Amino acid sequence: MGLDEVYSVIRWPMHPDDERAKRRFIGIKSFFNWAVKEGMIPENREIRILDMCAGTGIAGAALADVLREWGYRVTLTVLDLRKEELELVERWLEDGEDIEVLGAVKDCREPLNFIRKQDVVLIWGLTMPHFDPFETARIMRNVASVLTPDGSFFIEEMDRVYSLFYRRRYKDMVVEEKDGERTVVSIDEGYDVKRGVVRRSYYELPGFKRMFEMESRLWDLAGLAGMGSILFDDVRIITRDEHGVNGVADVLLFRGPRH
């Protein structure tokens, strides 16, 4: 099953008409406003942003809007496999006519040699479970190849080892979505030791109709940071307590790519 079908079942708040997504947009802007003040964004006045696994481009648009307000000249490139979602990015930027927006239906696991050097790269929205360790290594190598020497690479994530296993919250059956009379549950189907991923099957209730199986890598923050330290000189884990923004999870920041 493709990601467009998965997200039609598990509705992640990223559509410009979704009130939850609008609140997320405000929260993401608050985080990046803080990041600018903390010196996490390159100081050159022309900034190129690459938002990977962008969906509707909510995170890239939020950063672009913040930088525009700070007086930067911004070019935003959004990458995703779902063309229909990418076409919504400009809805987030209705007041940002001076922001140049580019889009590409591309897989971030493939080389990014069609893209110019970027000052900021984002993977936002708790996306990393879609990628096993081998795929993640390729993604980080791709980012390092296009990031400018003083650029910043942000990943928004959570520590699933801590939240699910250390706190003993991992369950064989989980209610994933409930909307009126319709409920979606997932059931554990096993673990692939060679790829480090959990397999779960998704069912619709009532009727217990099997919809699809999905594999997930339950990442911990230190694992991602440690992998990134092979390709970047500066690695930082910014916890929610540190940035203090509601609606934004922990954030990994990578700087100093080793080309």
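Classify region 162-216 as rounded, prolate or oblate, taking a ≥ b ≥ c as the square roots of the eigenvalues of its Cα gyration tensor: rounded when a/c is under 1.5, otherwise prolate if a/b is larger than b/c and oblate if not. Oblate, since a/c reaches 1.5 and b/c is not below a/b. For region 182-222, chymotrypsin sites (Phe, Trp or Tyr not before Pro) meeting the loop criterion (DSSP other than H, G, I, E, B) and having at most 15 other Cβ atoms within 10 Å: Phe208. Treating each Cα of region 1-149 as an identical point scatterer and summing with the Debye formula, the log10 of I(q)/I(0) at q = 0.12, 0.19, 0.22 Å⁻¹ comes to -0.47, -1.23, -1.59. Each other residue within a Cβ distance under 12 Å of Arg210 adds +1 if Lys or Arg and -1 if Asp or Glu, for a net charge of -1.
Over the Cα atoms of the chain, what is the Rg over Rh ratio if Rh follows Kirkwood?
Values: Rg = 18.2 Å, Rh = 19.0 Å.
Rg/Rh for the chain comes to 0.96.
Scaled against 2.2 N^0.38 Å for its residue count N, the alpha carbon radius of gyration of region 116-259 is 1.20.
Bear in mind that the values in this text are calculations on the coordinates, not laboratory data. Quick caveat: nothing in here was measured; it's all calculated off a predicted structure. FYI the Cβ positions are ideal-geometry reconstructions off the backbone, even for glycines, and counts take in every protein chain you see.
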